[in-house]
Amino acid sequence: MKKNISLTEKLDIIKMIKEGISVKKSATKLNKSIHTIYNIKRNQSNIIDYFVQANVPEIIGKFKQMRKLQCENVEKQLYNWFAEQRSHDNSITEETLIVKAKSISKSDLSNERKNCEFSN
């Protein structure tokens, strides 16, 4: 049975590898297959870049898949708006977020808005 590993776990594996711990020892210690450790080692630059570019690294560490944003500009603007609202102690509902995202998408002049999807 395939079990996904969180981004935080992947970063821990990368840290072990950089500390000089062998792939076999890392696999045994973490109860993962050697193949899994090698895959993480091979993709370590992508994993680190994904984590570094995240708006909220402490939350993204729980993610198990590294997905690219569909509408990166909309996501960034929405996150900035959200952070500003929360800094003023304004409560924000899911519906409010969706309305704001649609508003940002409509005002976005780039071509990426064609691919944006908003769920309820």
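The values are calculated or read from the model by the stated rules, or taken from the named source; none is laboratory data. It should be emphasised that the depicted structure is a prediction, and the values quoted were computed from it without experimental measurement. Counting neighbours? That spans all protein chains shown, and the Cβs are built from the backbone with ideal geometry, glycine included.
Taken over region 13-28, the criterion of being farther than 19 Å from Gln53 by Cβ, out of contact with any Lys or Arg (no Cβ under 6 Å at 6 or more places or on another chain) and not basic (Lys, Arg) is satisfied by Ile13, Met16, Glu19, Gly20, Ile21, Ser22, Val23, Ser26, Ala27, Thr28.
Sub-6 Å Cβ pairs linking a first residue in region 75-96 that is of a type in the set (S, T, N, Q) to a second residue that is part of a helix (DSSP H, G or I), at least 6 apart or interchain, are Gln77/Ile104, ordered by first then second residue. The set of residues in region 1-17 that are of a type in the set (Lys, Arg) and more than 12 Å from Ile47 (Cβ to Cβ) comprises Lys2, Lys3. For region 83-120, a residue qualifies if it is in a helix (DSSP H, G or I), within 20 Å of the chain's Cα centre (by Cα) and modelled with pLDDT of 65 or more, and the qualifying residues are Ala83, Glu94, Leu97, Ile98, Ala101. Within region 20-31, residues that are free of Cβ contacts under 8 Å to residues at least 60 places away in the same chain and assigned by TED's automatic domain parsing to the domain that holds Arg42 have Cβ atoms under 8 Å from residues that are acidic (Asp, Glu) and assigned to a helix (DSSP H, G or I) in these pairs: Leu30/Glu9; Leu30/Asp12, counting only partners at least 6 apart in sequence or on another chain.
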